[in-house]
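Heads up: the structure comes next, in structure tokens.
The values are calculated or read from the model by the stated rules, or taken from the named source; none is laboratory data. Keep in mind it's a predicted model, so treat the numbers as computed, not measured. All Cβ positions, glycine included, derive from the backbone under ideal geometry; neighbour counts span all protein chains shown. Accessible surface is based on the protein model in full, side chains and every heavy atom, while ligands, DNA and RNA are left aside. Shrake-Rupley method; radii C 1.70, N 1.55, O 1.52, S 1.80 Å.
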Amino acid sequence: MRWSIKAALLAASVLASGQSFAQFQPAPRQIEVAQLGDVDPFEVGVNPVLPDTVWSTGHAGALNGALSVLPDRASPGWTSPAAARLALNALRSSGEPPRGGRDDFRLAAKRADRALAASRAQLAYELLSRTPRVNESDPLSRVFAETALAMGRTQEACRAADALLEGRDAAYWLRLRASCLALDGAIPAAELTAELARAQAESPNFDILFDALVLGRSAPEDFQPRTALQLTLLEALAPGVRLVPHEDAPGWLHLAAERTGPAIALPETLPEALETAVTMEGAERAAALGALIGQDIDREIAAEALAVRLSDAAQQGLFMEAALTFGPEVASLPITEDTLAHGVHFVLAALAADDLNAAERWREALMDGPPAPAPAPSEDPLAAPATDLGTLPSLDGEAIEPGEEMAAEEPEWQPPAPGVLVALDFARAIALDEVRDDAFMALLAARLETATPERLCQAAGLVALGANDQGELQQALSGLTRQSGVIPPAFGPLLLAAGAGALGETQLHAASLLDRHPDDAETCGASMLALDHAGLRRQALQYLLARVIEDAA
């Protein structure tokens, strides 16, 4: 028997996204009943992280400025995954709209657009699918249609195009409706609608795919989509083929294209399935490993699959994304000599998933070695106890006491190198917000012995949050100057937002600065100080924890 896991993987990816978005949730809020039409788009969120004052503490104009400096959905995206997650934690949170921003659909659309650029299509889709009156706004409907198309929910995108009240005759919507008609087999109406769009603005890449669809031709060779609509049309022309977007396409579209391609078939037995999975490449390899990680039949196989998946992610600079998704699995993995070979990555993944108990258990096992196996039970519990045979002769003539092991002794367990253990304890202390403790001072000093720009940045952020470095960091940074031609970070908007207590704006400005100046100690220190001042200390610690985990992985 062989088993297809494509459908299961799609469901698992949605669940995994939900798990990663759900980290560090606040306590549930009291539910208030309101008329659906009275709900503002900012009052809708996905697994909110920040308090419900996230937007109301700021002003619409200032928030528009904060959103404007973030990468939009048409851009290549963020360069720092940790900064993107910091922004996303604000963008997916809900609360009363900013002052002067109620029913500002363009501002709400900009928020959804930036959420899409910072994550997968899934989050922006969930955000807008819960938002009422989307059909009253061209910008909001457009972001929703893009996310629905990216996720393969073509009918929902088509319904959004039909339901739109204003701006429905724009070229974008005409092309979407033409595609919907063509996919439904209404070719004459589709061609007429596409011609109306063409009269407004040319789109050669759309025309290539649309003409192939209505004329019954095969997919153009080597075509690489740049938009979600192009991805949808190409998928209809080449079902079951792995599609790769153009290198200039936004990151969220590359992630969405991973759902395309043939169903993944693995052998029946789990060891063979693991062997097959590790021979795969790219998205297929990640998906197959993800299925093996989630199965409950053999958790040692799950541990091996997780070790490979985390190692792959670390090499790609995406360890935190994989750790947030699969970190909750660490608690159910068996601790053996074989699985402890990957124990460092498992501790880091558990910390990323906020499972401090699992992280502590694996950290202790790294120090002490795997637990001793339980003694094998007697085959016959009713058998009489063995008589005392006294001392037995050995083959070389020396006496052996009864029960003495004749096999060679097991080698003594060797813990990881001290530097690795320091990194794990350093991350754990940040997760527990123990950065003000005296013990943390020694860990920070050990980290600064290798004063890379990354570690100086981490240290500056931690000192801003109250860690004591006995002045060493100040001394190290006192003589630093910026290189000629390097544009210094502009802290004005961040400091003003933090001083005003504007939660959302403070977090978005901090994320933007940290994305553009990821290794600048001054930026790290100022951003963490501003977040802490605004009441966002937990967000600051999460950001630094992510940086430490990525560095240690």
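Taking only the Cα atoms of the chain, the radius of gyration and Dmax are 28.0, 102 Å.
Here the extension length gained between M367 and R102 equals 89.8 nm, from 0.36 nm per residue of separation less the Cα-Cα distance. Each Lys and Arg adds +1 at its Cβ and each Asp and Glu adds -1 at its Cβ; summed about the Cα centre, region 87-233 shows a dipole of about 680 debye.
Looking at the square roots a ≥ b ≥ c of the eigenvalues of the Cα gyration tensor of region 482-553, which shape do they give, rounded for a/c under 1.5, prolate if a/b is larger than b/c, or oblate? It comes out oblate by the Cα gyration axes.
Full-extension gain between R242 and T276, please, as 0.36 nm times their residue separation minus the C-alpha to C-alpha distance. All intermediate terms of the calculation are to be shown ahead of the outcome.
On the way: separation 34, 0.36 × 34 = 12.24 nm, distance 1.85 nm.
So the extension gain works out to 10.4 nm.
Projecting the Cα positions of A546, A148, A353 onto the charge dipole of the chain (unit charges on Cβ atoms of Lys, Arg, Asp and Glu, taken about the Cα centre) puts A148 furthest along the positive direction.
For region 34-86, what does the alpha-carbon gyration tensor say about shape, rounded, prolate or oblate, given a ≥ b ≥ c as the root eigenvalues, a/c under 1.5 as rounded, and a/b over b/c as prolate? Prolate, since a/c reaches 1.5 and a/b exceeds b/c.
Using a probe of 1.4 angstrom, how much of the accessible area of region 206-306 is carbon and sulfur, in percent? Walk me through the numbers before you get to the answer.
Values: 2260 of 4480 Å².
In region 206-306, the share of accessible area belonging to carbon and sulfur is 50 percent.
Contact order normalised by length for the chain, with contacts defined as Cα pairs under 8 Å and 6 or more residues apart; what percent is it?
Averaging sequence separation for qualifying contacts and normalising by length gives 15 percent for the chain.
If a/c stays under 1.5 just call it rounded; otherwise compare a/b with b/c (prolate if a/b is bigger, oblate if not). Do that for region 123-190, with a ≥ b ≥ c from the square roots of the Cα gyration tensor eigenvalues. It comes out oblate by the Cα gyration axes. Dipole orientation for the chain: of the candidates N205, M441, T523, N205 has the Cα lying most toward the positive pole (charges on Cβ; Lys, Arg +1; Asp, Glu -1). Under unit Cβ charges (Lys, Arg +1; Asp, Glu -1), what dipole magnitude, rounded to 20 debye, does region 452-553 have relative to its Cα centre? That gives region 452-553 a dipole magnitude of about 160 debye. Across region 173-187, rounded Karplus estimates of 3J(HN,Hα) from the backbone phi angles (6.51 cos²θ - 1.76 cosθ + 1.60, θ = phi - 60°) give 6, 5, 5, 5, 5, 4, 5, 4, 5, 5, 5, 8, x, 8, 5 Hz, Gly and Pro being marked x.
Taking all protein chains together, E146, E191 sort by accessible area into E191, E146, largest first [probe 1.4 Å]. Average accessible surface for the chain: 48 Å² per residue, computed with a 1.4 Å probe over protein heavy atoms with every protein chain in place.
What the Cβ-Cβ distance of L496 and M441 gives, at R0 = 35 Å and to the nearest 0.05, is a FRET efficiency of 0.60.
Rolled with a 1.4 Å probe across the full set of protein chains, the surface gives D138 an accessible area near 40 Å².
Could you order S218, S484, S68 so the one with the most accessible surface comes first? Probe is 1.4 Å.
On the way: S218 90, S484 125, S68 55 Å².
So the residues, ranked largest to smallest area, are S484, S218, S68.
Per-residue extension of 0.36 nm, minus the Cα-Cα distance of V69 and L165, leaves a gain of 31.6 nm for this segment. Over all Cα atoms in region 281-339, the spread is summed up by Rg and Dmax: 10.9, 30 Å.
Quick one: putting +1 on the C-beta of Lys and Arg, -1 on the C-beta of Asp and Glu, what dipole do you get for the chain around its Cα centre, in Debye to the nearest 20? Write out the running numbers ahead of the final one.
On the way: 40 positive and 77 negative charges, 654 e Å.
That gives a dipole near 3140 debye.
With the helix formula -39500 (n - 2.57) applied to DSSP H stretches of n ≥ 4, the chain reaches a computed 222 nm mean residue ellipticity of -17000 deg cm²/dmol. Taking every Cα-Cα distance in region 222-359 and sorting them into 5 Å bins from zero, the calculated P(r) comes out as 2, 10, 18, 18, 17, 13, 11, 7, 4, 1, 0 percent.
Placing unit charges on each Cβ (+1 for Lys and Arg, -1 for Asp and Glu) gives the chain a dipole about its Cα centre, and among L424, A124, A265 the Cα reaching farthest toward its positive end belongs to A124.
Using heavy atoms of the protein chains and a probe of 1.4 Å, the accessible area assigned to V308 is about 40 Å².
Residues R242, R73, sorted by accessible area with the largest first, give R242, R73 [1.4 Å probe; ligands and nucleic acids excluded].
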